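Comments concern the structure below.
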Amino acid sequence: MMVRWLPWIAALAGAFAPLGFAEAGDRVTSLRLAVATPEAEGTKETSCMTASDVGGHRSKDYISHLQSRFQNPIVLCLTKDHYASAALLAAGEVDFAWVSAEAFGPIKSKSRPIMALRPHDGVGRVEAVVFAKTGAALQSVTDLAEQKVGILGQPPLSLNYQLVKVVLSQQGGAVEKMSFKAFESTPQIAEAVRSGEVAAGAIEVTAWARYCHLLDPAPTRCNDLSVLARAYPVAEEAMVVADKLPHEYHYRMLSVHSMMHFEAPLAFEWISGGKGKEFEPTEAGAFFTGTGKEH
Amino acid sequence: MARWELFTSYLEEVTGKPVKVYQSTDYNGTIQAMASGQIDIGSMGAGAYANVHAQIGDLAEPLFTRRDSADRRGYYSSIVVQRDSAYQSIEDLEGARLAFVDFNSTSGYIYPRWAMRQGGINPDTFFGKVGIGGGHLQTTMALANGQYDAVVTLANGGDPEVGFASGSLRRLARRDIINLDDYREIWYAGPLPNSSYIVRTDRSQEFRDLIRGAMLALPYDRPEAFLATGRLPGTSYTVADRSSYQDLFDMRDEEIKEHRRRMMQAQRND
């Protein structure tokens, strides 16, 4: 039988250019951001500036870079803390704000997280999967207290050990009451779960997908295993965007920030404050555990 | 094309513009469509991008590529043989029949040939017969059909240590066309940079920023559309720039020089 396969090459074409993203009514006259800075700590005043009046302030490279990529004037408001930034967004005075999970609460109904900083160790916010043998008495991670949990002992430990412990904890597990056994591979963990050597396994989602052949049309390899939890770790801080802003702007802002460590390293250095190596996207629920519990 | 429907509708929603996805029947189709400006964005391997770069230089740039949960941004070339054959390593293939994929294929031609030379194997003289399969899946089928003793193809979604989730062998096995247990991978080369989405730079900066941002957000905002294109959970898109592909530009130049040298040698021999 001769079969002609199509190479997995795709190309996109469309009537994209010239780009007129949205109706004129959706256009914004300026893009306004709020960022808490150490310089503003201890002050009561919020200081807002544009590219033309930023002067020699350390944020100059950042605001200039954004200005170069948007036709709209950029307004940067420096605040004393994340709560002040969130308050500006709540009042409709800024479109974007860099906030902590705690400060996000009051603005959760009118904004969403779009990006966070990827830590210097190179592993970002990855979903973890906690699984047990189907039919076991375990219903959720809260049942894992006093139980043994299998994890991958292979590097990067930030992914295979720290991540799963964080997610177990955020999903309501009493991590301090669990014991952990490190295995060399995912198949070993799965077999240990099946044999009862450990009560559950906790691994990052790609290892789970690879082991369970989740790309198969009808995967069956893990039919005897049940997922107790599958969740991202909660973001500590993120850039949030006001819901009312047309999508065009938040995607462009994400793009410009994601490239910033390449294109404008001084701007990146200022906005990241040395807390990460690059910006990466987040899901809308990045500040939530998915258990109904806020952080 | 069904796997692209969710993806297409997402991009149409984000851009407010009609989006059309074309699947090319060979590597050169996408390369020439990109070089001539018939398409705005193309998904292609690093070797194909090197070809586009050689034709139009800065008129094309990478928008983004893939990485997995452990920040792996590459995949592997592999040599596959029948499990019941005697071949256990690439050294055993001296004089054997070997198929590469396509002259423009990164993992199926450019990179493995470079890696073989690095390892002291001249791919033009070491094997008994060298052919071109025409595509990763066709090439793998050529092994299944007995046309070759070994074929070069790709393995991705992991590495030799943790194993692979995808690649030509596994895709054919998923479709029940081959039995994975009938084959053995005896050689890997890599990692080489994952395929990336290339955009023409004569499209506006706003357009390029919008598409990059929307695509980076896809695994988070519309995971079902991302997974429908065959991506493994936990993988995501990350930004890339031209400098990430310089090695491939150099390898392609080297391959072309080597090809010309062989042609001239053949002409002299005639």
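Taking the options A:192, A:284, name whichever one is of a type in the set (A, V, I, L, M, F, W, C) and touching a Gly at 6+ places or on another chain (Cβ under 8 Å). None of the other options fit; the residue is A:192. Annotation note: Cβ proximity below 8 Å between a residue of the range B:176-201 that is on the phi > 0 side of the Ramachandran plot and a residue that is at pLDDT 95 or above (sequence gap 6+ or interchain) occurs for B:190/B:76; B:190/B:77. Taken over the range B:125-177, the criterion of being of a type outside the set (D, E, K, R), under 21 Å from residue A:218 (Cβ atoms) and not in a loop (DSSP other than H, G, I, E, B) is satisfied by B:137, B:163, B:166, B:167, B:168, B:169, B:172, B:173.
Of the residues making up the range A:221-252, those that are within 17 Å of residue A:127 (Cβ to Cβ) and over 17 Å from the mean Cα position of the chain (by Cα) are A:222, A:225, A:226, A:227, A:228, A:229.
Picking from residues in the range B:7-33 that are surrounded by 17 or more Cβ atoms within 10 Å (Cβ to Cβ) and more than 7 Å from every other protein chain (Cβ to nearest Cβ), the one that is nearest to the chain's Cα centre (by Cα) is B:31. Which condition breaks for residue B:236 when tested against (1) within 22 Å of residue B:170 (Cα to Cα); (2) surrounded by fewer than 19 Cβ atoms within 10 Å (Cβ to Cβ); (3) of a type in the set (S, T, N, Q)? If we test residue B:236 against (1) within 22 Å of residue B:170 (Cα to Cα); (2) surrounded by fewer than 19 Cβ atoms within 10 Å (Cβ to Cβ); (3) of a type in the set (S, T, N, Q), just (2) comes out false.
Take the range A:193-232 and flag every residue that is in a helix (DSSP H, G or I) and touching a strand residue (DSSP E or B) at 6+ places or on another chain (Cβ under 7 Å).
Selection gives A:193, A:194, A:205, A:207, A:208, A:210.
Apart from one condition, residue B:94 fits all of (1) over 19 Å from the mean Cα position of the chain (by Cα); (2) free of Cβ contacts under 8 Å to residues at least 12 places away in the same chain; the exception is (2). Taken together, A:228, A:266, A:214 contain a single residue that is farther than 14 Å from residue A:115 by Cα and without any contact (Cβ under 8 Å) to a residue 12 or more places away in the chain, which is A:214. Of all the criteria given as (1) over 23 Å from the mean Cα position of the chain (by Cα); (2) at pLDDT 95 or above; (3) hydrophobic (A, V, I, L, M, F, W, C), the one not satisfied by residue A:218 is (2). Would you check if residue A:124 is surrounded by fewer than 22 Cβ atoms within 10 Å (Cβ to Cβ) and not acidic (Asp, Glu)? So residue A:124 fails the test.
For the range A:241-275, the tally of residues that are surrounded by fewer than 23 Cβ atoms within 10 Å (Cβ to Cβ) and in a loop (DSSP other than H, G, I, E, B) stands at 8.
Specify which of the listed residues (A:165, A:181) is among the basic types (Lys, Arg) and in a helix (DSSP H, G or I). After applying the criteria, what remains is A:165. Considering only residues in the range A:99-112 that are away from chain B (no Cβ under 14 Å) and within 19 Å of residue A:248 (Cα to Cα), the one that is surrounded by the most Cβ atoms within 10 Å (Cβ to Cβ) turns out to be A:111. In the list A:190, A:132, A:86, which residue meets the criterion of being of a type in the set (Gly, Ala, Ser), touching a residue at least 12 places away in the same chain (Cβ under 8 Å), in a strand (DSSP E or B) and surrounded by 17 or more Cβ atoms within 10 Å (Cβ to Cβ)? It is A:132.
Restricting attention to the range B:167-178, the residues that are facing chain A (nearest Cβ under 9 Å), modelled with pLDDT of 85 or more and either in contact with a strand residue (DSSP E or B) (Cβ under 7 Å, 6 or more places away or on another chain) or closer than 18 Å to residue A:206 by Cβ (or both) total 2. Every listed requirement among (1) of a type in the set (A, V, I, L, M); (2) more than 26 Å from residue A:84 (Cβ to Cβ); (3) assigned to a loop (DSSP other than H, G, I, E, B) is met by residue A:235 save one, (2). Restricted to helices (runs of 4 or more DSSP H) entirely inside the range B:179-270, those with at least 1 residues that are touching a strand residue (DSSP E or B) at 6+ places or on another chain (Cβ under 6 Å), within 14 Å of chain A (Cβ to nearest Cβ) and over 25 Å from residue B:124 (Cα atoms) are B:205-221. Going by the conditions given, is residue B:38 surrounded by fewer than 20 Cβ atoms within 10 Å (Cβ to Cβ) and within 12 Å of chain A (Cβ to nearest Cβ)? Yes. For the range B:134-147, the condition of being within 30 Å of residue A:155 (Cβ to Cβ), within 8 Å of chain A (Cβ to nearest Cβ) and in contact with a strand residue (DSSP E or B) (Cβ under 8 Å, 6 or more places away or on another chain) holds for none of the residues. Within this structure, residue A:228 passes the test of being out of contact with any Gly (no Cβ under 8 Å at 6 or more places or on another chain) and at pLDDT 95 or above.
Among the residues of the range A:97-118, not a single one is hydroxyl-bearing (Ser, Thr, Tyr) and over 18 Å from residue A:238 (Cβ atoms). Just so you know, in the range A:203-226 the residues that are aliphatic (A, V, I, L, M) and either within 14 Å of chain B (Cβ to nearest Cβ) or touching a Pro at 6+ places or on another chain (Cβ under 9 Å) (or both) include one that is surrounded by the fewest Cβ atoms within 10 Å (Cβ to Cβ), and it is A:218.
The values are calculated or read from the model by the stated rules, or taken from the named source; none is laboratory data. Keep in mind it's a predicted model, so treat the numbers as computed, not measured. Reconstructed Cβ throughout: ideal geometry from the backbone, glycine too, with neighbour counts over all protein chains shown.
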